[in-house]
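Remarks on the structure that follows.
The values are calculated or read from the model by the stated rules, or taken from the named source; none is laboratory data. It should be emphasised that the depicted structure is a prediction, and the values quoted were computed from it without experimental measurement. Virtual Cβ from ideal backbone geometry, glycine too; neighbours counted across all protein chains shown. Surface areas here come from the heavy atoms of the whole protein model, side chains and all, with no ligands, DNA or RNA. Shrake-Rupley method; radii C 1.70, N 1.55, O 1.52, S 1.80 Å.
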Amino acid sequence: MHKKLENLMGKMGVFIHDNPFKVIVVVLMLLAFPLSHVPQIKMDTSTEGFMHEDDPVLITYNKFRAQFGRDERVAISIKSDNIFTLAFLQTLKEIHEEIENNVPFVEDITSLYTVRNTRGEGDKLITDDLLEPFPATQAQVDTIKQRALESHFYKDLFISQDGKMTTIIVETDAYSHEGEKEVADEDAFEEEGAFGEEEFENVSTDNVVGTKERPFLTDQENAKLVHAILDITDKYKKEGLEIYVAGSPAVMDALKAQMQADMQKFTRVTFLIIVIFLFVMFRRVSAVVYPLIVIFLSLLTTVGTMAWAGVAFKLPTQIVPSLLLAVSVGATVHILSIFFDSFNAKGDKKEALGYTLGHSGLAIAMTSVTTAIGVGSFSGSEVAPISDLGIFASLGVMVSLVLTLTLLPALLSITKLKPKAKKGMGKLDNVMKKLATVPVKYYKSIIIFSAILVIMALVLSSKIVLSHNPLYWFQADNYNRISTEVIDTNMNGTVTIEAVVDAGVENGWNDPVRLEKLNVLSDKLEKYVDSYTHIGKVVSISTIVKETNRALHENQEEYYSIPNDADLVSQELLLFENSGSDDLEDVVDSQFSKARITIKLPWTDAVKAVAVLDYVKKEVEATFPKDRVETTGMIPLLINTFAQAVSSSVMSYFIAFIGISFMMMLILGSVRVGLLSMIPNLTPIILGLLIMYVVNIPLDMFTLLIGSIAIGLAVDDTIHFMHNFRRYYLESGDSAKAIEQTFFTTGKALVITTIVLSLGFYAYLMAQMVSVQNFGLLTGSVIVLALLADLLLAPALMIVVAKRGWIK
């Protein structure tokens with residue numbers, strides 16, 4: 001069967017040589033449709049973009065956003081010893097108004113300039129802005145300072161406990177404005193249904209259907225908002241103001257920008273390395289240009305198909321170019337290496353193409369199919385971009401296969417070539433000849449040493465730290481990381497856990513008993529501290545009720561409490577609503593049946609935040625056992641994303657192992673040999689874990705996916721080696737001779753591919769992002785380990801197999 005398929009491949013090579021232009025035209029016609037969609041591709045780095053639309057966690061989050069707006073806020077914090085001076089407050093006012101007037105997609109801005117100031121004057125309840133009217137004297141400022149520092153609400157939200165940092169909180173629009181026409185202010189007032197409360201009241205929060213009709217704020221809109229804020233803050237930083245910008249919108253936008261810059265920069269560097277090395281090895285322009293054409297077309301076809309399917313590029317799917325680069329280079333180098341060896345020896349292009357496809361075409365096809373199966377196992381992941389990776393990376397691998405076996409030979413056919421005497425290749429032949437004797441002489445030592453390394457790696461891999469902390473993908477001196485850490489230290493948090501408690505009845509949150517329970521719960525939550533994080537602030541409707549009650553009792557602090565009388569609570573809340581403040585909309589729905597509890601805490605690694613989230617869930621559910629409790633927000637989304645990534649990736653790797661094992665059995669025609677061949681496939685991945693432990697690299701979203709590339713490369717190398725070893729062994733019956741012949745043909749291609757790709761990926765070590773550096777180090781190392789496994793361990797195992805007579 002193998003022989004028939006190889007003969008068929010050889011005939012295909014002859015056909016392509018005779019009909020190159022027909023082949024090129026047909027290939028380009030097939031690719032035209034996906035290529036035309038490439039410009040439509042979009043980028044999405046939002047946390048919710050990691051989830052499928054039907055994910056219960058995302059549905060809960062979307063219901064929350066439809067009801068209360070977006071929980072992700074931009075925090076702009078200013079550090080100064082002179083906050084409560086006329087000059088500083090004037091600057092704060094200018095910054096606030098500049099953001100208000102120039103930053104798009106803003107729902108609300110709150111700072112000391114506009115924060116509510118709830119107080120009583122006689123029998124009246126006043127809720128105006130803290131700086132209204134704006135102070136004219138330092139004495140007035142001193143009065144404001146006293147009021148601000150005594151406020152329970154302001155502390156850790158708008159002013160630090162030491163009074164030396166103040167924060168402007170920017171709440172972004174929940175919904176996208178794409179497709180909306182711009183209208184004048186007076187027209188917007190008349191068309192309130194477009195943006196006003198009337199439409200918001202009609203949004204369904206019981207399902208996500210209502211939210212699909214009006215999409216949430218897009219990644220591009222978030223970027224415009226963040227960049228507009230940074231333009232303003234940069235101007236004031238130049239004037240000497242110590243100002244920090246944090247919050248998940250800012251961090252995720254910076255993450256996207258830096259990662260895109262790194263990946264684009266070093267993908268270009270990788271291409272340059274490939275170009276230089278291919279030229280050095282083959283000394284032909286065609287051997288450089290044609291592989292790049294295959295790579296580019298494979299990548300663009302994949303991206304175009306993603307755009308056509310409406311799938312955005314997300315952080316995990318950014319490794320698709322690297323995977324396709326690795327697979328395409330490996331396949332094209334095998335074709336070029338065998339082709340030029342034959343062509344240089346005999347000078348007949350037609351014969352060389354027929355021989356090349358007959359010799360390596362089947363192996364390349366099998367490696368690509370096996371790689372597609374391995375990577376495609378991720379398509380069932382519960383994490384949306386990992387699922388996308390599985391679907392579209394496997395598609396890209398198959399596109400690369402088709403182009404390698406059709407377009408590349410066709411291009412070689414129409415190119416004028418002259419045979420060249422061996423130069424660089426001759427030296428490589430000598431190296432391969434000497435190297436071929438090593439596994440023959442020391443096969444037992446190689447197997448034992450490999451087994452020791454694998455066992456050591458498996459033992460130490462249990463000590464690798466799990467992590468999902470995008471903030472730590474930045475360097476320690478990165479502005480976004482510094483800003484977040486400074487604000488977390490001074491203001492006790494930049495991210496939130498959101499809990500929604502549904503009483504199930506209208507005016508359920510007018511009940512003083514329920515409010516008192518919430519008050520006690522808030523105090524208890526604010527005392528939470530564990531080894532990794534703490535809760536810095538809790539805000540809810542109880543805060544407003546206590547403020548109002550105190551104000552209506554002559555601003556006496558002892559009345560900062562929940563009234564015992566339900567009618568009094570209702571009356572106070574009505575007075576607060578009528579006083580002009582709309583802050584109740586942020587903490588309770590219009591029916592007073594659902595209450596929002598915002599728990600603010602420092603940016604925390606998702607793995608280490610599991611304990612605090614579990615604590616919050618347990619305490620809220622225990623406090624309101626008869627009510628419906630839903631927990632959402634940035635921290636739960638991060639935790640859910642990583643938990644699903646780990647669980648689904650483990651399953652994906654297991655499926656990949658089963659699928660690849662089955663393919664290896666079919667390719668090698670033996671169950672035992674097929675299973676044995678998985679040893680050199682898995683060894684590089686396992687040793688990659690050892691490198692992670694030694695270098696102290698955590699197992700995060702990026703490193704979790706490196707295995708998908710490792711599977712592709714390790715399987716490719718192993719199949720090429722095993723396929724050709726089996727052919728030569730069946731011809732001669734001599735395992736040592738078969739190894740030498742395999743090293744002279746496939747071995748050289750493996751070495752060239754490994755050198756090119758490993759250098760390309762090691763170039764990523766010069767990136768700014770820590771995650772990209774780790775990606776480059778581990779991928780480059782796994783590529784080298786895969787070569788060593790297939791030049792040392794695989795032949796050592798084959799000698800044992802041959803001695804036992806298992807190859808037939």
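3J(HN,Hα) along the range 11-18, derived from phi through the Karplus expression 6.51 cos²θ - 1.76 cosθ + 1.60 where θ = phi - 60°, amounts to 5, 5, x, 5, 4, 5, 4, 7 Hz, with x in place of Gly and Pro. Estimated from the Cβ-Cβ distance and a Förster radius of 35 angstrom, the FRET efficiency linking Asp567 and Asp54 is about 0.20.
When each of the peptides 219-228, 771-780 is scored by the mean number of other C-beta atoms lying within 10 Å of its residues, the order from highest to lowest reads 771-780, 219-228. Read through the labelled values (i) 177; (ii) 167; (iii) 227 and report the label of the one computed as volume of the Cα convex hull per residue in Å³ from the structure. Computed from the coordinates, volume of the Cα convex hull per residue in Å³ corresponds to (i). The range 16-71 and the range 694-756 have Cα centres lying 32 Å from one another.
Over the range 37-146, the hull volume per residue, using the convex hull of the C-alpha atoms, is 192 Å³. Taking amide hydrogens as placed 1.01 Å from N in the peptide plane, the amide H of His52 sits under 5 Å from those of Ala384, each at least 5 positions away in sequence or on another chain. Each residue of the range 526-542 was assigned a 3J(HN,Hα) from its phi angle through the Karplus expression (A = 6.51, B = -1.76, C = 1.60, θ = phi - 60°), giving 5, 8, 5, 9, 10, 5, 10, 7, 7, 8, x, 6, 10, 10, 7, 4, 5 Hz with x at Gly and Pro. Here's the list of lysines a cross-link from Lys444 could span, going by alpha-carbon distance under 29 Å and ignoring same-chain residues fewer than 8 apart: Lys427, Lys433, Lys434, Lys737, Lys748, Lys803, Lys808.
If you roll a 1.4 Å probe over the chain with all protein chains in place, what percent of the accessible area is carbon or sulfur? Heavy-atom surface of the chain belonging to carbon and sulfur, 1.4 Å probe: 58 percent. Residues whose amide H comes within less than 5 Å of that of Thr632, counting only those at least five positions distant or on another chain, are Glu498, Ala499, Val500 (H built at 1.01 Å from N in the peptide plane).
Were the residues from Leu5 through Phe657 laid out at 0.36 nm apart, the gain over their Cα-Cα distance would be 232.2 nm. Taking 16 Å as the straight-line reach from the Cα of Lys617, the aspartates and glutamates in range (excluding those fewer than 8 positions away in the same chain) are Glu498, Asp502, Asp523, Glu526, Asp530, Asp627, Glu630. Any chance you could tell me what percent of the C-alpha pair distances in the range 216-271 go past 19 Å? Above the 19 Å cut-off, the range 216-271 has 43 percent of its Cα pairs.
Between the Cα long axis of helix 86-102 and the first principal axis of the chain there is an angle of about 60°, rounded to the nearest 10.
Taking the longest Cα principal axis of the chain as reference, the axis of helix 248-282 is set at about 10 degrees.
Averaging 1/r across all pairs of distinct Cα atoms in the range 594-663 and inverting the result yields a Kirkwood radius of 14.6 Å.
Pairs of Cα atoms nearer than 8 Å and 6+ residues apart set the relative contact order; for the range 315-365 it is 32 percent.
On a 0 to 90 degree scale, rounded to 10, what angle separates helix 566-578 from the longest Cα axis of the chain? Between the helix axis and the principal axis of the chain, the angle is about 80 degrees.
Straight Cα distances below 20 angstrom link Lys256 to the lysines Lys42, Lys224, Lys265, Lys314, with same-chain residues fewer than 8 positions distant left out. Normalised by the number of residues in the range 335-479, the average gap of Cα pairs under 8 Å and 6 or more apart makes the relative contact order 19 percent. Taken one residue at a time, the phi angles of the range 35-41 give Karplus couplings (6.51, -1.76, 1.60, θ = phi - 60°) of 5, 5, 9, 4, x, 8, 5 Hz. Gly and Pro are set to x. Once the Cα-Cα distance is subtracted from the 0.36 nm per residue extended length, the Leu28 to Ser445 segment shows a gain of 145.0 nm. The trypsin sites (Lys or Arg not before Pro) of the range 1-50 meeting both criteria, a DSSP state outside H, G, I, E and B (loop) and at most 16 other C-beta atoms within 10 angstrom of the site's C-beta, are Lys42. Solvent exposure of Ile685, expressed as accessible area, is near 50 Å², computed with a probe of 1.4 Å over the protein chains only.
Between Glu121 and Asp231, the modelled label-to-label distance comes to 3.9 nm, taking each label 7 Å out from Cα in the direction of the beta carbon. Panel note: the C-alpha atoms of the range 371-443, placed on their principal axes, show extents of 52, 46, 14 Å (largest first). Look at the alpha carbon pairs under 8 Å that are at least 6 residues apart: their mean separation over the length of the chain gives a relative contact order of 20 percent. Rolling a 1.4 angstrom probe over the protein heavy atoms with all chains in place gives the chain an accessible area of 41 Å² per residue.
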